[in-house]
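Data first, discussion second: the structure below is written as structure tokens.
The values are calculated or read from the model by the stated rules, or taken from the named source; none is laboratory data. This is a predicted model, so every value here is computed, not measured. Note that each Cβ is placed from the backbone with ideal geometry, even for glycine, and that neighbours are counted across all protein chains shown.
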Amino acid sequence: MPSLIAAQEVDRARDLVNPFIGTGGHGHTFPGACVPNGLVQLSPDTRPDPVEWDGCGGYHYSDSLIYGFSHTHLSGTGVADLCDVLVMP
């Protein structure tokens, strides 16, 4: 019975995770999954212009179009890093 309760706790914790925190406003983060210090940070790119400061993380929550998925992102830096090795659907 304790293992069943533990499994329910894990399910509830998963529901509390929001991968889009920081992807709007001026957070400059990306919603892609990656390991700490990993060489690849695969994530969608929604803004093709790296000069625009709001979209310099590659992804912005308010955008409705995805231009592709690039393999390198920097989270929260405020500098352009998008569209390197961009794969388009």
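Test of understanding: among Ser62, Ser43, Ser75, which residue is exposed (fewer than 14 other Cβ atoms within 10 Å of the Cβ) and small (Gly, Ala, Ser)? Even if it seems obvious, please write down each step before you answer.
Values: Ser43 fails: exposed (fewer than 14 other Cβ atoms within 10 Å of the Cβ); Ser75 fails: exposed (fewer than 14 other Cβ atoms within 10 Å of the Cβ).
Just a single option satisfies the conditions, and that option is Ser62.
Just to be sure, is Asp54 touching a Lys or Arg at 6+ places or on another chain (Cβ under 9 Å), on the phi < 0 side of the Ramachandran plot and modelled with pLDDT of 80 or more? Step through it out loud before you land on a result.
On the way: touching a Lys or Arg at 6+ places or on another chain (Cβ under 9 Å): yes; on the phi < 0 side of the Ramachandran plot: yes; modelled with pLDDT of 80 or more: no.
So Asp54 does not fit the description; no.
Being touching a residue at least 12 places away in the same chain (Cβ under 8 Å) and over 15 Å from Asp84 (Cα atoms) is the filter here, so list the residues in segment 52-63 that pass it.
Matches in segment 52-63: Trp53, Asp54, His60, Tyr61, Ser62, Asp63.
Restricting attention to segment 10-60, report how many residues are among the hydrophobic types (A, V, I, L, M, F, W, C) and touching a His at 6+ places or on another chain (Cβ under 7 Å).
4
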